[in-house]
Amino acid sequence: MAEAAILGMIQHLESSYPGRRELESRTKELRGMLDFLSDLKMEERRRPKYLMADLLELAQDVADSRYIIGYWFGTYQNEIKLTKMRIINFGAECKNEKKKKTNKKKKKKKKKNEVVVGLEKDVRKLIDKVLLNDLCTDDTWIIKGMTGIGKTTLARQVYNHKEVVGWFEHRAWVSITSDKSNKEILVDLIQQMMVGSEELIERDFLLEEKDNRSLQKMLGQHLKGKRYLMVFDNMPKGKNLRYILRHIDDIDKDHQDCGSRKLWTSRFSTNIDDCIHNMKALGSDKSWQLFLKTIDKFTSDEHKFTKELERKGREMLKKCGGLPMAIIDVARQKAKQRLSGIEWEQLFDSIDLSESLEKLEPMYDELDEDIKACFLHMSFFKENAIMREEKLEQIWAASGLDALTTLEDRYIGEEGTCYVLLTESIVKAVNETPHQREVKRCRMNPLLHMLSIKKAEEEIGLEIWNSNQKSQPSQNPRHRVIHCGREKFNHSTNQDTKQLISLIFHGGGGYLEDVTPSYWESFELLKILDLEDFGVKTMSESIGTLIELRYLGLRNNYLTRIPRSLGDLENLEVLDIDLNFMVEVPDIIGEMGSLRNLHMSDVIFQHRLEIDTLENLETLTNISIYDWAYEVSGLETLNHLVKLGIEDVDENLDVGKLFASLAKLRSLQHLILRGSRFRSMPCLDEISVLYLLERLRLDGRLDRLPSASNFPGCIRHLILANTCLEEDPMPVLEKLSRLRRLKLRNAFTGREMVIRDKGFPCLRFLIINELWNLRNIQVGRHAMPILGQLEINNCPHLETVPEEIASMTAFEEFKIVTTKHIAAKIRASGLPSNIVEVDIVP
């Protein structure tokens, strides 16, 4: 019956829309999948009947004229792709069915003996702020995090909590796999939600015969006007829950909201507007507590350790990165070994994480190929390192990896590689901001870092050296990371260098102080040389022999001069000499025609810099205005310059002439102006000529701000740092109609800030730091209507939070770092219950 219906739909599409190429390709795919399912043996047909129901629903949707264009047509294409994958995987799943059932039994057994630590606050937050909170306007939430961090455990704790059981009339828990059909999901929901319903007499036959739309209608009618909770565990990438439940949601919209909720666990977030509860790794105390409880459970005995053994145990557990899965794996290993007679003193000397790494491998396997390559190159960084997005993007580019987006694209909201890694729980953003695609800084869990090293050693020829020792010899090393200690390095061991593409140094000491010129000459193919934070004092002129070099990272060292031979590096795209105090730079910058990113600060130039020859330049930070011949440079040639940082902007500068020159930079979107140490910055009224500017940072003393009409009209991000304004900046800033993000740090010396009625119409993020005299923030009616996050740090006299945030429907997150007295006062005042994330320190 379903087969005939699908075939009829295909024929209807072909006759009704001739010449539509996209439809022709999709109907061809439908025919192919239909033929595959039709050819299956009868004993294998139960699951294919569910897949056939999915195909029928897709054909029905696209045959409906409202699905031919717009959002749902794109969704249809995605559903075709996912259904095709489920069909392809069907055979393999049949072979593994027995194995899966065995594993499920094991998992159920484990759940009964599950040890849970550190989820109390998460459980209370989800219950009080999301599930049982009528003021929460979002009915769908994602519990998100990497594999093994406890997403399912948290969801189960919430689902079975007595308050939740008593609150919802109907509950359903559906475990999702990548090959589970939409019909199976609907059947699972109906079987749990409609227990005892008269409609389900002979229900197995009834459900099997119904198509997806009928099932959705049946479920929707049954749940109409009732409060229900649906939990979807382990949602895979690309699974569109909104598509599956859209007819049920349509019925809900037609009736009064009863407080129903949908909660799912996933490694993935697919939409910037998703409401997400991000799982966090356990801290040291909770990790140790989980370790002890697991050992006690496994050995049926209670263990107490000496302070020295506890210290060793905690040190060992650091390698687990706070990941509950890894901590439990290690605890079970150690318990087994202890039961075999090995003493605890020996057991805490080492750790085996191979079992946990194996469980994490699917996270790598499921990445797209281009993202996999980026993940492998993250092995170059130190464990637990805070990684800057711009550095990651530059290293990936220097390695020949295609960027998902350009810097300019990311500034206008396109998704960069770091954001994709964030959505797939590979990295966590530092100072994470909801609903924002930008990831300025991020870090990776230590176990994922180990996995990146393991895979990089297997796939791209990574070699790790710890001083003079190789962790794993490589026959043909292409990338080398050297971790240096205090001991002297034996440079005679420096072999197999001719094929090296990347050379990364971590640590410090005198590693490079006595290298001979021939040392650098041996790296014939080297493209990446990173010495950031390495304590380098001098660089040899022989570094100019690295003619293939594209990335040179010398940030945060003790260099006093840059070798003149760097001018010979014709392929160099990134030169980072930032944070080297008073470093002398010869007249070579203009010779580097391939340069795309130049980072520096506090440099000394012999002559004023002319950069009109650097036609590929995208980023230039931070150059002293007195070292830059901007008035004679032909800036029209810099068509790609997106980000520019200028230092020593003082009252002696003719800013009108400066801004007139900068107006020639057609791609300029991000401008940083830093004042001098001893003088105020001049009046910036003429900055309005930079009308395409979207990001502006003003860092230095200012007597007054430009008027709102004199700010660039496209400003979306604004930072005022150390401006020490005497007048309240809010009456000016609130009129910037496109401003989305505002950060004030030591920006205002007064006691009160006033935001008037309807001020800041587009502001999403407000961050206030180090306003030492601030005592009150007054907010007018309908001001900041879409504010989502307010962060206040080190404002020691600000004792109250604006009451108006209670009426801000989009407000989700409040953070404050203040004194103990004020923190206690704010807690006692009772923050509005619509704020989901509240972080008050101390």
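The values are calculated or read from the model by the stated rules, or taken from the named source; none is laboratory data. These figures come from a predicted structure and were not determined experimentally. Neighbour counts are summed over all protein chains in view; Cβ atoms, including those assigned to glycine, are modelled from backbone coordinates with ideal geometry.
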Matching option when the condition is in the same structural domain as F760 (by TED's automatic domain parsing), over 19 Å from T749 (Cα atoms) and either in contact with a strand residue (DSSP E or B) (Cβ under 6 Å, 6 or more places away or on another chain) or free of Cβ contacts under 8 Å to residues at least 24 places away in the same chain (or both), among H821, H782 | H821
Is one or more of the residues making up the range 708-728 under 23 Å from M600 (Cβ atoms) and modelled with pLDDT under 95?
-> no
Hey, K334 surrounded by fewer than 22 Cβ atoms within 10 Å (Cβ to Cβ), basic (K, R) and at pLDDT 95 or above or not = no
In the range 669-707, what count of residues is obtained for those that are in contact with a Gly (Cβ under 6 Å, 6 or more places away or on another chain) and modelled with pLDDT under 95?
-> 1
Provide a single number: the residues in the range 360-391 that are in a helix (DSSP H, G or I), under 30 Å from D179 (Cα atoms) and in contact with an Asp or Glu (Cβ under 8 Å, 6 or more places away or on another chain).
-> 4
For residues that are polar (S, T, N, Q) and in a loop (DSSP other than H, G, I, E, B), scanning just the range 725-782, find the one that is surrounded by the most Cβ atoms within 10 Å (Cβ to Cβ).
-> N746
So S594, is it outside the structural domain of A398 (by TED's automatic domain parsing), of a type in the set (S, T, Y) and out of contact with any Ser or Thr (no Cβ under 8 Å at 6 or more places or on another chain) = yes
Please work out which residue is nearest to T406 (Cα to Cα), limiting yourself to the range 576-593 and to residues that are within 35 Å of the chain's Cα centre (by Cα) and part of a loop (DSSP other than H, G, I, E, B).
-> G593
Flagged in the range 143-180 as part of a helix (DSSP H, G or I), surrounded by fewer than 18 Cβ atoms within 10 Å (Cβ to Cβ), of a type outside the set (D, E) and free of Cβ contacts under 8 Å to residues at least 60 places away in the same chain, in numbering order, are K162, V165, G166
Scanning the range 783-805 residue by residue, the ones that are touching a Ser or Thr at 6+ places or on another chain (Cβ under 9 Å), farther than 25 Å from S737 by Cβ and not in a strand (DSSP E or B) total 7
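How do the helices (runs of 4 or more DSSP H) wholly within the range 243-345 filter down when requiring 3 or more residues that are in contact (Cβ under 8 Å) with a residue 60 or more places away in the chain: which remain?
On the way: elements: 246-253, 284-299, 307-317, 324-339.
Output list reads 284-299, 324-339.
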The range 695-707, residues that are loosely packed, with under 15 Cβ neighbours inside 10 Å and either touching a helix residue (DSSP H, G or I) at 6+ places or on another chain (Cβ under 7 Å) or part of a strand (DSSP E or B) (or both) = S707
Verdict on T137 being in a loop (DSSP other than H, G, I, E, B), at pLDDT 95 or above and among the polar types (S, T, N, Q) | no
Can you give me the ranges of the strands (runs of 3 or more DSSP E) entirely in the range 594-664 with at least 2 residues that are within 24 Å of L407 (Cα to Cα) and touching a strand residue (DSSP E or B) at 6+ places or on another chain (Cβ under 6 Å)?
-> 597-599, 619-624, 643-649
Given the conditions (1) at pLDDT below 90; (2) surrounded by fewer than 18 Cβ atoms within 10 Å (Cβ to Cβ); (3) over 35 Å from the mean Cα position of the chain (by Cα), which single one is not true for M194?
-> (2)
Lone qualifier among L692, L720 - being surrounded by fewer than 20 Cβ atoms within 10 Å (Cβ to Cβ) and hydrophobic (A, V, I, L, M, F, W, C) | L692
Taking only pairs six or more apart or across chains, which ones have beta-carbon atoms under 6 Å, a first residue in the range 716-739 that is at positive phi, and a second residue that is charged (D, E, K, R)?
-> N722/D699; C724/R701
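Yes or no: the range 656-667 includes at least one residue that is within 29 Å of the chain's Cα centre (by Cα) and surrounded by fewer than 21 Cβ atoms within 10 Å (Cβ to Cβ).
yes
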Scan of the range 507-548 for residues that are of a type in the set (S, T, N, Q) and surrounded by fewer than 19 Cβ atoms within 10 Å (Cβ to Cβ), ordered by number = T516, S518, S522, T538, S540, S542
